[in-house]
Amino acid sequence: MRFITYNAKNFRKIEYIRYLPETIKRDIEIVAKVIPFKTNNYVVDYLIDWDNYENDPIYILNFPNRDMLLPEQFEQVKRGIDQKLPENELYRIINRIRMELNPHPAQQMTNIPELNGEKLNGVQHKYRDIVLFFPTQGQSCHAHCTFCFRWPQFTKELDLQFSMREIDKVIDYIRKNEYVHELLFTGGDPMIMSPATLKNYIQRILDAKLPNLESIRFGTKSLSYWPFTFLPIFNQEAGEMLDMFKQISDAGIHLSIMAHFNHHVELDNEVVQEAIMNIRASGAQIRTQAPLLNHINNSSKVWAEMWKMQVNLGLVPYYMFIERETGPYKYFQVSLSEAYKVYTDAVRQTGSLAKTVTGPVMSAAKGKVQVLGIIENPLDGKKQFMMQYVRHRDYNQTFRPFYMEFNETATWVDQLKPLIANS
Ligand SMILES: *Cc1c(COP(=O)(O)O)cnc(C)c1O
Ligand code: SF4
């Protein structure tokens, strides 16, 4: 199948769009000025139920809607368009709203390591054993998630250009840091790279024969947004991609595909299922992760069904995240107490093989915080959250449980007060 991109300028070409009311189309155009909009023919034809688009999880995942902005933000953009403001004036308004949407949360641009006194702009090293690499050619995606926490990367104006091509420096860095055992390719989506580009990186890593490198991961949404990447019967490059996966495993390095699935509908067709089988046959393991999102998957039934399907297809459920506070997060956010309930209800509905999933987890400044429970203090009868760092930048702090005062509506750990007992 040929890849066709739809964005704010050409989305009216999507056949199903004809049936949408004109007001909805107009809303998409207005909101897409602020939130980067991109989808493609696979998502549109295979994943979205157009008869019920308003409640369709994948429609909401890809198509901006007016509730994703505050009413006054929406009105400001709308007025600017209606008044036919000159481009630069309209962009001033748009960029001001983007700044209100907290474009760079949780110190994403920190944890940048140095090699021989030079900052590696395109590498993050936060947790002792794992290094993240942002290859320049992998900084976009086959489609854009409306909630995306890396959305500034998809806008010219806010892009901090955090990426690099010099894999030799990354190799050198890993060699010099014996505690690093894993290398994670991330983005954007590294699987939008052609196999030739990716192979260029991988070959150099394999040739380096790093004694401390045990696994390579690819963080990707391509199984949901373009599974043809892994179907040789549809395109020749897929065969090269799978061969490269096999080459990694054959070199004795574990390859883990960190697949991003938000909803079980993304697993429910022959294309994605065959892609999964092909990847597994290459020797790679697929682990899955996704945030909990209001309007998309805020239901224990959806998660339980998704994990059941994943286990049946041989995938390993790995993380359920709390949505970060960026972009249209107010539209998508779920409170910590509700997230904890969704997670536990979902795990209870699945068999033991789905219990590999850790959740709900916040990727916070110091590390990944898991909500372990809501309990009553036996001394004063007050509710409190029990939490732990499943990952901490100081690895000695990992897995130490701690308590925070309970707050029904809090959506992030920094909104909670620590209990005195912690200090
Ligand atoms: C989540 C994350 C990782 C990977 O953590 P795992 O728990 O091993 O999956 C690595 N680096 C950063 C900066 C992260 O946020
Ligand atoms: S696939 Fe990941 S990086 Fe790409 S838009 Fe979605 S959340 Fe963002």
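The values are calculated or read from the model by the stated rules, or taken from the named source; none is laboratory data. What you see is a predicted model, and the numbers here were worked out from it, not measured in a lab. Cβ sites come from the backbone with ideal geometry, for glycine too, and all protein chains shown count toward neighbours.
When you scan segment 152-159, do you find a residue that is buried (at least 20 other Cβ atoms within 10 Å of the Cβ) and either away from ligand 2 (no atom under 11 Å from the Cβ) or at pLDDT 95 or above (or both), even just one?
no
Of all residues in segment 36-87 being closer than 24 Å to residue 101 by Cβ, among the β-branched types (Val, Ile, Thr) and over 19 Å from the mean Cα position of the chain (by Cα), which is surrounded by the most Cβ atoms within 10 Å (Cβ to Cβ)?
Here the answer is 77.
If you go through segment 251-263 one residue at a time, do you hit one that is at negative phi and in contact with a His (Cβ under 7 Å, 6 or more places away or on another chain)?
no
Taking segment 311-328 on its own, how many of its residues are charged (D, E, K, R) and within 13 Å of ligand 2 (Cβ to nearest atom)?
2
Can you confirm whether segment 197-220 contains a residue that is at pLDDT 95 or above, hydroxyl-bearing (Ser, Thr, Tyr) and within 16 Å of ligand 2 (Cβ to nearest atom)?
Yes: segment 197-220 contains one or more residues that are at pLDDT 95 or above, hydroxyl-bearing (Ser, Thr, Tyr) and within 16 Å of ligand 2 (Cβ to nearest atom).
Mind counting the residues in segment 286-310 that are in contact with a Leu (Cβ under 7 Å, 6 or more places away or on another chain), among the polar types (S, T, N, Q) and part of a strand (DSSP E or B)?
Adding up the residues that qualify gives 1.
Does residue 126 fit the bill of being of a type in the set (Lys, Arg), touching a Lys or Arg at 6+ places or on another chain (Cβ under 8 Å) and either under 22 Å from residue 363 (Cα atoms) or more than 14 Å from ligand 2 (Cβ to nearest atom) (or both)?
So residue 126 passes the test.
Given (1) surrounded by 16 or more Cβ atoms within 10 Å (Cβ to Cβ); (2) outside any helix (DSSP H, G or I); (3) at pLDDT 95 or above, where does residue 283 come up short, assuming only one miss?
Of everything listed in (1) surrounded by 16 or more Cβ atoms within 10 Å (Cβ to Cβ); (2) outside any helix (DSSP H, G or I); (3) at pLDDT 95 or above, residue 283 misses just condition (1).
Just to be sure before I move on: is residue 272 of a type outside the set (Ser, Thr, Tyr), assigned to a helix (DSSP H, G or I), touching a residue at least 24 places away in the same chain (Cβ under 8 Å) and within 24 Å of residue 348 (Cα to Cα) in the structure I sent?
It is false that residue 272 is of a type outside the set (Ser, Thr, Tyr), assigned to a helix (DSSP H, G or I), touching a residue at least 24 places away in the same chain (Cβ under 8 Å) and within 24 Å of residue 348 (Cα to Cα).
Taking the conditions exactly as written (β-branched (Val, Ile, Thr), farther than 26 Å from residue 59 by Cα and crowded, with 23+ Cβ neighbours inside 10 Å), does residue 322 satisfy them or not?
In short, no.
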